[in-house]
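To start, the structure itself, in structure tokens.
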Amino acid sequence: MKLAMMLGEGCEPLEVVAPVDALRRGGVEVVLVSVMPERAVMAAQGIRMQADATIGETDLMAFDAICLPGGEGGVANLKACAKLEEVLPAFMDDDARTVMSICAGPTVLNAWGLLTGRAATCYPGCEEGFPEGTYQGQGVITDGNLITASGPGYGLAFGIAGLRRLAGDEVARKVAADMLFQE
């Protein structure tokens, strides 16, 4: 399994690092993809992150999963990425693929009309404008091939939920136990 973790200037670092850590421990190949012109991305809190590739160097359709972290600036940069807007509908419509989104990240999906008929969560207050019945409160919500989480405090649980979908229950339980994470 191969996941593209999308990075934009201003992304929330914990929402990148925690899920990437859990996913890689479980054997998922994670590629950090910058939606910016350069691989170096300045995340929130002044944390510099180094992507593996830029969006221009990446064929997103070669991935099994895409993850959209939050962070106000990061989300604005994700929304400005035409290539991401082009491929996300295909991911959402394909049960064999997975879309993960945390904090303000689900607002990207909502802006492109991809949350209709789906159960999801996001950072409190970001649900404004979501389709009726979509917002499910705080936590980690899995609805078919869509996994969403409320914010940075759910980063590890979000990663374990993604790992469960991509690598199975047994792998997810083992990684959670090895990390001393109690589900």
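The values are calculated or read from the model by the stated rules, or taken from the named source; none is laboratory data. Note that this is a predicted model, so its numbers are computed, not measured. We place every Cβ from the backbone using ideal geometry, glycine too, and count neighbours over all the protein chains shown.
One table, with the values for the structure above:
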read-out	value
Residues of the stretch 54-67 that turn out to be closer than 16 Å to Ser34 by Cα and part of a loop (DSSP other than H, G, I, E, B), as a count	3
Cβ-Cβ under 6 Å pairs, at least 6 apart or on other chains, the stretch 7-32 side under 15 Å from Arg164 (Cβ atoms), far side of a type in the set (Lys, Arg) and crowded, with 19+ Cβ neighbours inside 10 Å	none
Per-region count, the stretch 79-110, residues over 12 Å from the mean Cα position of the chain (by Cα) and not in a helix (DSSP H, G or I)	7
Test: residue in the stretch 41-53 that is basic (Lys, Arg), more than 24 Å from Ile160 (Cβ to Cβ), at pLDDT 95 or above and not in a loop (DSSP other than H, G, I, E, B)	yes
Sole residue being without any contact (Cβ under 8 Å) to a residue 60 or more places away in the chain, surrounded by 15 or more Cβ atoms within 10 Å (Cβ to Cβ) and hydrophobic (A, V, I, L, M, F, W, C), chosen from Cys103, Cys126, Cys81	Cys126
Any hit, the stretch 72-93, residues being within 19 Å of Asp143 (Cα to Cα), of a type in the set (D, E, K, R), at pLDDT 95 or above and out of contact with any strand residue (DSSP E or B) (no Cβ under 9 Å at 6 or more places or on another chain)	yes
Candidate set: the stretch 127-166, residues that are of a type in the set (Ser, Thr, Tyr) and outside any loop (DSSP other than H, G, I, E, B); chosen: the one nearest to Met100 (Cα to Cα)	Thr148
Residues satisfying the stated conditions in the stretch 68-78, i.e. under 12 Å from the mean Cα position of the chain (by Cα) and either assigned to a strand (DSSP E or B) or not small (Gly, Ala, Ser) (or both)	Leu68, Pro69, Val75, Leu78
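Per-residue answers, yes or no, for (1) surrounded by fewer than 18 Cβ atoms within 10 Å (Cβ to Cβ); (2) touching a Ser or Thr at 6+ places or on another chain (Cβ under 6 Å); (3) more than 18 Å from Ile66 (Cα to Cα):
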{"residue": "Gly137", "(1), (2), (3)": "yes, no, yes"}
{"residue": "Leu156", "(1), (2), (3)": "no, no, no"}
{"residue": "Ile160", "(1), (2), (3)": "no, no, no"}
{"residue": "Gly168", "(1), (2), (3)": "yes, no, no"}
{"residue": "Arg173", "(1), (2), (3)": "yes, no, yes"}
{"residue": "Ala176", "(1), (2), (3)": "no, no, yes"}
